[in-house]
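A.B. asks: My questions will all concern the structure given below.
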Amino acid sequence: MPDLADLTTEARNPRTTHIDEISTLEMVTLIHQEDAAVAAAVETQLPAIARAVDAIAERFNQGGRLFYIGAGTSGRLGVLDASECPPTFSVPTTLIQGLIAGGDAALRNSSEQCEDLPEAGKHDLEAAGFTTSDCLLGIAASGRTPYVIGALIHAQSLGALTISLSCVADSAITRYSDISITPVTGPEVITGSTRMKAGTATKLVLNMISTGVMVRTGAVYGNLMVNVKPSNDKLIDRAQRILIAATGCDRVTATRLLIEAGSVKTAIAMHQLSLPRSAAEARLAAANGSLAKALAP
């Protein structure tokens with residue numbers, strides 16, 4: 001393992017050494033200025049992120065799944081992104097899963113000691129039923145978390161797709177991944193507090209990956225969330241507005257279609273193709289769930 005003192009995420013930021021002596025407005029301005037550099041760091045990794053999206057989408061089309069794994073903030077961000085995919089895209093909860101060192105209890109209570117055990121990463125993957133068809137995205141701001149490395153080594157031994165996300169150049173976890181994503185965010189405002197710039201970069205990358213994969217696998221039509229689950233008043237209203245935007249129908253028709261179809265995507269296909277529900281569902285199934293393909297002449 002590399003010496004932590006040598007990692008840029010652990011270095012002392014010369015721009016913030018007197019942050020405790022300045023006014024509150026100056027303090028938050030300084031934090032904002034540091035945050036402004038995060039997007040540029042992520043921009044350097046767009047080609048690698050695109051490769052990851054395409055590789056994961058290919059695995060999805062072959063029945064594979066995506067697992068995020070990390071410790072502390074990295075693990076929490078993975079769990080967050082995974083948990084938002086089912087309501088947004090109506091995918092099964094098993095398709096994108098987030099694993100964190102220490103288990104779900106670590107989402108609320110710190111379990112830092114758990115990240116030092118590489119065998120725990122392997123064990124958690126095995127317990128989740130991880131297979132050679134799946135994808136593993138190991139998240140570690142420092143790029144050297146033993147728990148994550150243990151999981152990546154296990155995934156590699158199975159021949160699964162491995163991706164690493166870290167905020168340190170040439171980090172240890174890049175040696176155990178097929179695709180490496182490394183937005184180098186530099187020293188934190190508070191020395192070593194990687195929940196800040198590194199955490200922001202991680203969230204940006206995970207947003208791109210999960211959204212990109214969903215777009216590539218047909219869960220989006222244009223920029224419309226056509227797989228949304230209308231499970232509460234807000235989402236029912238959103239589903240109706242998506243129907244209106246996609247078909248040009250009025251609100252009354254959208255309400256009726258949504259009830260008849262049971263889903264936004266089927267409702268759009270029914271309206272645009274003048275088909276009953278069963279035929280619309282069959283058309284979508286033949287197009288592997290892609291509404292654009294189902295609607296094509």
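A.B. asks: Which of the residues belonging to segment 183-218 are β-branched (Val, Ile, Thr) and over 15 Å from the mean Cα position of the chain (by Cα)? Full working, then the answer.
C.D. replies: Within segment 183-218, the first condition is being β-branched (Val, Ile, Thr), and the residues that meet it are 184-185, 189-191, 194, 200, 202, 205, 209, 211, 213, 215, 217.
Within segment 183-218, Val184, Thr185, Val189, Ile190, Thr191, Thr194 qualify.
A.B. asks: Free of Cβ contacts under 8 Å to residues at least 12 places away in the same chain and either among the small types (Gly, Ala, Ser) or in contact with a strand residue (DSSP E or B) (Cβ under 8 Å, 6 or more places away or on another chain) (or both): which single residue out of Ser177, Ser157 fits that description? Lay out the reasoning, then the answer.
C.D. replies: On the way: Ser177 fails: free of Cβ contacts under 8 Å to residues at least 12 places away in the same chain.
Among Ser177, Ser157, only Ser157 is free of Cβ contacts under 8 Å to residues at least 12 places away in the same chain and either among the small types (Gly, Ala, Ser) or in contact with a strand residue (DSSP E or B) (Cβ under 8 Å, 6 or more places away or on another chain) (or both).
A.B. asks: Output the helices (runs of 4 or more DSSP H) that fall wholly within segment 1-113 and possess 3 or more residues being surrounded by 18 or more Cβ atoms within 10 Å (Cβ to Cβ), or say none.
C.D. replies: Details: elements: 24-35, 38-43, 46-61, 72-89.
Counting at least 3 such residues, we get 38-43, 46-61, 72-89.
A.B. asks: If you don't mind, another one. Does Asp134 count as within 19 Å of Val53 (Cα to Cα) and in contact (Cβ under 8 Å) with a residue 12 or more places away in the chain? Quick ask: steps written out before the conclusion?
C.D. replies: Numbers: within 19 Å of Val53 (Cα to Cα): yes; in contact (Cβ under 8 Å) with a residue 12 or more places away in the chain: yes.
Yes; evaluated as a whole, the condition is true for this residue.
A.B. asks: So Thr174 clears everything in (1) in a helix (DSSP H, G or I); (2) surrounded by 21 or more Cβ atoms within 10 Å (Cβ to Cβ) except one condition, right? Which one?
C.D. replies: Evaluating Thr174 over (1) in a helix (DSSP H, G or I); (2) surrounded by 21 or more Cβ atoms within 10 Å (Cβ to Cβ) leaves (2) as the failure.
A.B. asks: Going through segment 177-203 one residue at a time, which ones are assigned to a loop (DSSP other than H, G, I, E, B), modelled with pLDDT of 95 or more and either closer than 15 Å to Leu7 by Cα or outside the structural domain of Gly143 (by TED's automatic domain parsing) (or both)?
C.D. replies: Thr182, Pro183, Val184, Thr185
A.B. asks: Follow-up. Restricting attention to segment 232-239, does a residue exist that is touching a helix residue (DSSP H, G or I) at 6+ places or on another chain (Cβ under 7 Å), in contact (Cβ under 8 Å) with a residue 12 or more places away in the chain and under 26 Å from Thr93 (Cβ atoms)? Steps first, please.
C.D. replies: Pass one, segment 232-239, residues touching a helix residue (DSSP H, G or I) at 6+ places or on another chain (Cβ under 7 Å): 239.
Among the residues that remain, those that are also in contact (Cβ under 8 Å) with a residue 12 or more places away in the chain are: 239.
This time we only want the ones that are under 26 Å from Thr93 (Cβ atoms), so: 239.
So far as segment 232-239 goes, yes, one or more of its residues are touching a helix residue (DSSP H, G or I) at 6+ places or on another chain (Cβ under 7 Å), in contact (Cβ under 8 Å) with a residue 12 or more places away in the chain and under 26 Å from Thr93 (Cβ atoms).
A.B. asks: Among the listed residues Gly143, Gly102, Gly72, identify the single one that is farther than 19 Å from Ser164 by Cβ and among the small types (Gly, Ala, Ser). Outline the logic, then answer.
C.D. replies: On the way: Gly143 fails: farther than 19 Å from Ser164 by Cβ; Gly72 fails: farther than 19 Å from Ser164 by Cβ.
Of the residues listed, the single one that is farther than 19 Å from Ser164 by Cβ and among the small types (Gly, Ala, Ser) is Gly102.
A.B. asks: Is it true that some residue in segment 120-131 is part of a loop (DSSP other than H, G, I, E, B), free of Cβ contacts under 8 Å to residues at least 12 places away in the same chain and of a type in the set (Gly, Ala, Ser)? Walk me through it before giving the result.
C.D. replies: Looking only at segment 120-131, we keep the residues that are part of a loop (DSSP other than H, G, I, E, B), and these are 128-131.
Then keep just the ones that are free of Cβ contacts under 8 Å to residues at least 12 places away in the same chain; that gives 129.
In the following step, the residues that additionally are of a type in the set (Gly, Ala, Ser) were identified as 129.
There is at least one residue in segment 120-131 that is part of a loop (DSSP other than H, G, I, E, B), free of Cβ contacts under 8 Å to residues at least 12 places away in the same chain and of a type in the set (Gly, Ala, Ser).
The values are calculated or read from the model by the stated rules, or taken from the named source; none is laboratory data. Source: prediction; values computed, not measured. Note that each Cβ is placed from the backbone with ideal geometry, even for glycine, and that neighbours are counted across all protein chains shown.
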